[in-house]
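J.: Attaching a single structure in C-alpha coordinates format; questions to follow.
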Amino acid sequence: MDNRLILALDYTHPDEARKMVEKLGPTIGFYKVGQIMLANGGLEFCKELKEQYGKRVFLDLKLFDIGNTVEKAVMALSAFQFDFLTVHGDPYVVEAAVRGRGESSTKILAITILTSLDREDLDGALYQNGDLDTLVGRRAEIAFEAGADGVISSPREVGLIRGLKYGKSKLIVTPGIRPTNSEKDDQKRTLSPSEAILNGSDYLVVGRAITQSPDPMAVIENIVETLPP
Ligand code: C5P
(Lines give C-alpha, C1' and ligand atoms only; values in the text may rest on other atoms or scores of the structure.)
Protein backbone atom coordinates (compact mmCIF):
# COMPACT_ATOMS: atom_id res chain seq x y z
CA MET A 1 0.00 0.00 0.00
CA ASP A 2 1.25 3.49 -0.85
CA ASN A 3 -0.58 6.18 1.10
CA ARG A 4 -0.04 8.70 -1.67
CA LEU A 5 -2.48 6.91 -3.96
CA ILE A 6 -6.18 7.78 -3.64
CA LEU A 7 -8.63 5.71 -5.65
CA ALA A 8 -11.67 7.57 -7.03
CA LEU A 9 -14.75 5.38 -6.57
CA ASP A 10 -16.79 6.99 -9.35
CA TYR A 11 -19.61 4.46 -9.23
CA THR A 12 -23.32 5.21 -9.21
CA HIS A 13 -24.05 2.63 -6.56
CA PRO A 14 -22.18 1.70 -3.36
CA ASP A 15 -22.61 -2.00 -4.22
CA GLU A 16 -20.20 -1.60 -7.14
CA ALA A 17 -17.79 0.46 -5.06
CA ARG A 18 -17.89 -2.07 -2.22
CA LYS A 19 -16.95 -4.85 -4.65
CA MET A 20 -13.86 -2.91 -5.68
CA VAL A 21 -12.93 -2.10 -2.07
CA GLU A 22 -13.30 -5.79 -1.12
CA LYS A 23 -11.27 -6.88 -4.12
CA LEU A 24 -8.40 -4.50 -3.36
CA GLY A 25 -8.33 -5.17 0.41
CA PRO A 26 -5.33 -3.53 2.07
CA THR A 27 -3.79 -2.43 -1.26
CA ILE A 28 -5.63 0.91 -1.12
CA GLY A 29 -6.01 2.86 2.12
CA PHE A 30 -7.53 6.09 0.84
CA TYR A 31 -10.71 6.43 -1.25
CA LYS A 32 -12.45 9.33 -2.92
CA VAL A 33 -16.25 9.41 -3.14
CA GLY A 34 -18.05 12.15 -5.04
CA GLN A 35 -21.30 13.36 -6.50
CA ILE A 36 -21.89 10.30 -8.68
CA MET A 37 -22.78 8.09 -5.70
CA LEU A 38 -24.70 10.67 -3.68
CA ALA A 39 -28.22 9.75 -4.80
CA ASN A 40 -27.71 6.14 -3.79
CA GLY A 41 -26.37 6.58 -0.28
CA GLY A 42 -22.86 7.86 -0.97
CA LEU A 43 -22.51 9.53 2.40
CA GLU A 44 -23.55 6.40 4.30
CA PHE A 45 -21.07 4.47 2.19
CA CYS A 46 -18.32 6.90 3.24
CA LYS A 47 -19.19 6.12 6.85
CA GLU A 48 -18.93 2.42 6.06
CA LEU A 49 -15.54 2.97 4.40
CA LYS A 50 -14.27 4.63 7.56
CA GLU A 51 -15.91 2.49 10.21
CA GLN A 52 -16.07 -0.99 8.66
CA TYR A 53 -13.06 -0.89 6.39
CA GLY A 54 -10.83 1.53 8.33
CA LYS A 55 -10.10 3.61 5.23
CA ARG A 56 -9.33 7.30 4.87
CA VAL A 57 -12.05 9.12 2.94
CA PHE A 58 -11.94 12.10 0.61
CA LEU A 59 -15.41 13.54 -0.05
CA ASP A 60 -15.23 15.33 -3.38
CA LEU A 61 -18.33 17.51 -3.57
CA LYS A 62 -16.69 20.65 -4.99
CA LEU A 63 -19.09 22.82 -3.02
CA PHE A 64 -19.91 26.24 -4.44
CA ASP A 65 -22.68 28.44 -3.06
CA ILE A 66 -23.30 31.52 -0.92
CA GLY A 67 -21.13 31.60 2.20
CA ASN A 68 -23.93 30.83 4.66
CA THR A 69 -24.93 27.69 2.75
CA VAL A 70 -21.37 26.42 2.37
CA GLU A 71 -20.63 27.02 6.05
CA LYS A 72 -23.71 25.12 7.25
CA ALA A 73 -23.23 22.30 4.77
CA VAL A 74 -19.62 21.82 5.84
CA MET A 75 -20.60 22.02 9.51
CA ALA A 76 -23.09 19.19 9.03
CA LEU A 77 -20.64 17.15 6.91
CA SER A 78 -17.96 17.50 9.58
CA ALA A 79 -19.82 14.93 11.66
CA PHE A 80 -18.57 12.30 9.20
CA GLN A 81 -14.94 13.22 9.93
CA PHE A 82 -13.87 13.13 6.31
CA ASP A 83 -10.16 13.39 5.79
CA PHE A 84 -10.47 15.70 2.77
CA LEU A 85 -13.38 17.78 1.46
CA THR A 86 -13.35 19.89 -1.71
CA VAL A 87 -14.86 23.30 -2.34
CA HIS A 88 -14.30 25.72 -5.20
CA GLY A 89 -11.37 28.04 -4.56
CA ASP A 90 -13.26 31.34 -4.53
CA PRO A 91 -12.09 33.03 -1.32
CA TYR A 92 -15.51 33.53 0.26
CA VAL A 93 -16.34 29.84 -0.35
CA VAL A 94 -13.08 28.69 1.23
CA GLU A 95 -13.51 31.02 4.21
CA ALA A 96 -17.05 29.72 4.79
CA ALA A 97 -15.89 26.10 4.56
CA VAL A 98 -13.09 26.73 7.06
CA ARG A 99 -15.60 28.30 9.46
CA GLY A 100 -17.97 25.37 8.99
CA ARG A 101 -15.24 22.82 9.54
CA GLY A 102 -14.59 24.37 12.98
CA GLU A 103 -12.50 22.09 15.19
CA SER A 104 -12.95 18.99 13.05
CA SER A 105 -9.86 17.52 11.41
CA THR A 106 -11.30 17.59 7.87
CA LYS A 107 -8.87 19.26 5.46
CA ILE A 108 -10.46 21.79 3.14
CA LEU A 109 -9.06 21.49 -0.37
CA ALA A 110 -9.78 24.15 -2.96
CA ILE A 111 -10.40 23.60 -6.64
CA THR A 112 -8.25 25.94 -8.73
CA ILE A 113 -9.37 25.13 -12.28
CA LEU A 114 -10.71 21.68 -13.14
CA THR A 115 -8.11 19.45 -14.74
CA SER A 116 -10.59 18.58 -17.49
CA LEU A 117 -10.55 22.18 -18.78
CA ASP A 118 -8.23 23.94 -21.22
CA ARG A 119 -8.04 27.57 -22.35
CA GLU A 120 -10.76 27.09 -24.94
CA ASP A 121 -13.15 25.83 -22.25
CA LEU A 122 -12.30 28.84 -20.07
CA ASP A 123 -13.10 31.19 -22.98
CA GLY A 124 -16.45 29.44 -23.33
CA ALA A 125 -17.10 29.96 -19.61
CA LEU A 126 -16.09 33.66 -19.82
CA TYR A 127 -13.03 33.28 -17.57
CA GLN A 128 -10.65 36.23 -17.79
CA ASN A 129 -7.86 36.19 -20.37
CA GLY A 130 -4.40 34.95 -19.54
CA ASP A 131 -2.66 31.64 -19.76
CA LEU A 132 -4.00 28.82 -17.71
CA ASP A 133 -0.92 28.48 -15.50
CA THR A 134 -1.14 32.09 -14.38
CA LEU A 135 -4.83 31.73 -13.54
CA VAL A 136 -4.26 28.48 -11.65
CA GLY A 137 -1.41 30.10 -9.68
CA ARG A 138 -3.55 33.10 -8.77
CA ARG A 139 -6.52 30.88 -7.83
CA ALA A 140 -4.26 28.79 -5.59
CA GLU A 141 -2.82 31.89 -3.96
CA ILE A 142 -6.18 33.41 -3.06
CA ALA A 143 -7.46 30.05 -1.81
CA PHE A 144 -4.43 29.68 0.50
CA GLU A 145 -4.89 33.23 1.75
CA ALA A 146 -8.52 32.37 2.52
CA GLY A 147 -7.37 29.44 4.69
CA ALA A 148 -7.49 26.38 2.42
CA ASP A 149 -5.37 23.48 3.71
CA GLY A 150 -4.44 22.64 0.16
CA VAL A 151 -5.52 22.60 -3.45
CA ILE A 152 -6.54 20.20 -6.13
CA SER A 153 -4.36 20.81 -9.13
CA SER A 154 -3.37 19.34 -12.42
CA PRO A 155 -0.03 17.51 -12.12
CA ARG A 156 1.36 19.98 -14.64
CA GLU A 157 0.78 22.91 -12.29
CA VAL A 158 2.20 21.41 -9.09
CA GLY A 159 5.67 22.96 -9.51
CA LEU A 160 4.15 26.37 -10.01
CA ILE A 161 1.96 26.04 -6.90
CA ARG A 162 4.87 24.82 -4.75
CA GLY A 163 6.66 28.02 -5.71
CA LEU A 164 3.92 30.29 -4.34
CA LYS A 165 4.21 32.14 -1.03
CA TYR A 166 2.29 29.47 0.94
CA GLY A 167 2.91 26.69 -1.56
CA LYS A 168 5.48 24.74 0.42
CA SER A 169 3.35 24.19 3.51
CA LYS A 170 0.08 23.25 1.78
CA LEU A 171 -1.29 19.96 0.50
CA ILE A 172 -1.34 19.42 -3.24
CA VAL A 173 -3.63 16.68 -4.49
CA THR A 174 -3.54 15.84 -8.18
CA PRO A 175 -6.15 14.14 -10.33
CA GLY A 176 -5.65 13.98 -14.08
CA ILE A 177 -3.14 11.16 -13.61
CA ARG A 178 -2.66 8.75 -16.47
CA PRO A 179 -0.20 5.87 -16.26
CA THR A 180 1.87 5.83 -19.45
CA ASN A 181 -0.04 4.09 -22.25
CA SER A 182 -3.54 4.56 -20.79
CA GLU A 183 -6.49 6.55 -22.19
CA LYS A 184 -6.79 10.26 -21.32
CA ASP A 185 -10.63 10.09 -21.26
CA ASP A 186 -11.94 13.65 -20.73
CA GLN A 187 -8.85 14.85 -18.83
CA LYS A 188 -6.74 17.36 -20.71
CA ARG A 189 -3.85 18.37 -18.43
CA THR A 190 -2.49 14.93 -17.54
CA LEU A 191 0.89 13.50 -16.46
CA SER A 192 2.05 10.09 -15.31
CA PRO A 193 2.00 9.18 -11.58
CA SER A 194 5.79 9.41 -11.15
CA GLU A 195 5.97 12.76 -12.96
CA ALA A 196 3.27 14.14 -10.66
CA ILE A 197 5.16 13.07 -7.51
CA LEU A 198 8.47 14.34 -8.87
CA ASN A 199 6.80 17.69 -9.51
CA GLY A 200 5.89 17.87 -5.81
CA SER A 201 2.42 16.38 -5.52
CA ASP A 202 1.47 14.94 -2.07
CA TYR A 203 -1.40 12.71 -3.21
CA LEU A 204 -2.47 11.28 -6.55
CA VAL A 205 -6.12 10.68 -7.40
CA VAL A 206 -6.61 7.94 -9.95
CA GLY A 207 -9.99 6.71 -11.12
CA ARG A 208 -10.79 5.12 -14.45
CA ALA A 209 -7.26 3.96 -15.24
CA ILE A 210 -7.71 1.56 -12.30
CA THR A 211 -11.46 1.00 -11.98
CA GLN A 212 -12.05 0.32 -15.68
CA SER A 213 -9.09 -1.96 -16.10
CA PRO A 214 -9.68 -5.72 -16.38
CA ASP A 215 -6.91 -6.08 -13.78
CA PRO A 216 -7.07 -3.15 -11.31
CA MET A 217 -4.52 -4.72 -8.95
CA ALA A 218 -1.94 -4.94 -11.73
CA VAL A 219 -2.45 -1.27 -12.65
CA ILE A 220 -2.02 -0.26 -8.99
CA GLU A 221 1.16 -2.32 -8.66
CA ASN A 222 2.47 -0.73 -11.82
CA ILE A 223 1.76 2.76 -10.53
CA VAL A 224 3.23 2.15 -7.09
CA GLU A 225 6.38 0.58 -8.57
CA THR A 226 7.10 3.68 -10.61
CA LEU A 227 6.67 6.15 -7.72
CA PRO A 228 9.80 7.78 -6.37
CA PRO A 229 10.25 7.39 -2.58
O1 C5P B 1 -11.04 8.71 -13.83
P2 C5P B 1 -10.10 9.82 -13.49
O3 C5P B 1 -8.72 9.33 -13.02
O4 C5P B 1 -10.01 10.89 -14.56
O5 C5P B 1 -10.76 10.49 -12.20
C6 C5P B 1 -10.31 11.65 -11.63
C7 C5P B 1 -11.17 11.98 -10.45
O8 C5P B 1 -10.72 13.21 -9.90
C9 C5P B 1 -12.65 12.17 -10.77
O10 C5P B 1 -13.37 11.68 -9.66
C11 C5P B 1 -12.83 13.67 -10.89
O12 C5P B 1 -14.09 14.10 -10.48
C13 C5P B 1 -11.76 14.17 -9.90
N14 C5P B 1 -11.27 15.52 -10.10
C15 C5P B 1 -10.72 15.98 -11.28
N16 C5P B 1 -10.30 17.27 -11.39
C17 C5P B 1 -10.39 18.10 -10.36
C18 C5P B 1 -10.94 17.63 -9.15
C19 C5P B 1 -11.35 16.32 -9.05
O20 C5P B 1 -10.59 15.23 -12.23
N21 C5P B 1 -9.93 19.34 -10.47
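J.: May I ask you to derive the relative contact order of the chain, considering only C-alpha pairs under 8 Å and at least 6 residues apart, and to give it as an integer percent?
T.: Dividing the mean separation by the residue count of the chain yields 17 percent.
J.: Exposed loop GluC sites (Glu not before Pro) only (DSSP loop, at most 16 other Cβ atoms within 10 Å): please give the longest stretch of the chain free of them, not including the sites.
T.: Longest site-free region, per DSSP loop and neighbour criteria: 1-102.
J.: With a Cα-only, solvent-free Debye model of region 79-189, what are the log10 I(q)/I(0) values at q = 0.11, 0.19, 0.20, 0.24 Å⁻¹?
T.: Log10 of I(q)/I(0), two decimals: -0.36, -0.98, -1.05, -1.32.
J.: Within the accessible area of region 5-226, what % is carbon and sulfur when the probe is 1.4 Å and the other protein chains stay in place?
T.: Here carbon and sulfur together make up 50 percent of the probe-accessible area.
J.: Also: Per residue, how many Å² of accessible area does the chain show with a 1.4 Å probe?
T.: On a per-residue basis, 47 Å².
J.: Apply the Karplus parameterisation 6.51 cos²θ - 1.76 cosθ + 1.60, with θ equal to phi minus 60°, to every residue of region 49-63 and state each ³J(HN,Hα) to the nearest whole Hz, in sequence, with x for glycine and proline.
T.: With the stated coefficients, region 49-63 comes to 4, 6, 7, 7, 9, x, 9, 7, 10, 10, 8, 9, 9, 6, 5 Hz.
J.: On to the next question. Can you give me the pair-distance distribution of region 5-226, C-alpha pairs, 10 Å bins, whole percents?
T.: The calculated distribution, bin by bin, is 8, 33, 38, 19, 2.
J.: Determine the relative contact order of region 1-107: mean sequence separation of Cα pairs under 8 Å and six or more apart, normalised by residue count, in whole percent.
T.: 22 percent
J.: How about region 103-186: which trypsin sites (Lys or Arg not before Pro) there lie in a loop by DSSP and see at most 13 other Cβ atoms within 10 Å?
T.: For trypsin sites (Lys or Arg not before Pro) across region 103-186 that sit outside H, G, I, E and B with at most 13 neighbouring Cβ atoms in 10 Å, the list reads LYS165, LYS184.
J.: Region 149-177 to region 95-115: how many Å between their Cα centroids?
T.: Cα centroid of region 149-177 versus Cα centroid of region 95-115: 15 Å apart.
J.: Still on this structure, I have one more. Which net charge results for the neighbourhood of ARG101, defined as the other residues with beta-carbon distances under 10 angstrom from its beta-carbon, given Lys and Arg at +1 and Asp and Glu at -1?
T.: Neighbourhood net charge equals -1.
The values are calculated or read from the model by the stated rules, or taken from the named source; none is laboratory data. Everything numeric here is computed off the predicted structure, so don't read it as measured data. As a convention, Cβ positions derive from the backbone with ideal geometry for all residues, glycine included, and neighbour counts pool all protein chains shown. All accessible areas refer to the heavy atoms of the entire protein, side chains included, with ligands and DNA or RNA removed. Shrake-Rupley method; radii C 1.70, N 1.55, O 1.52, S 1.80 Å.
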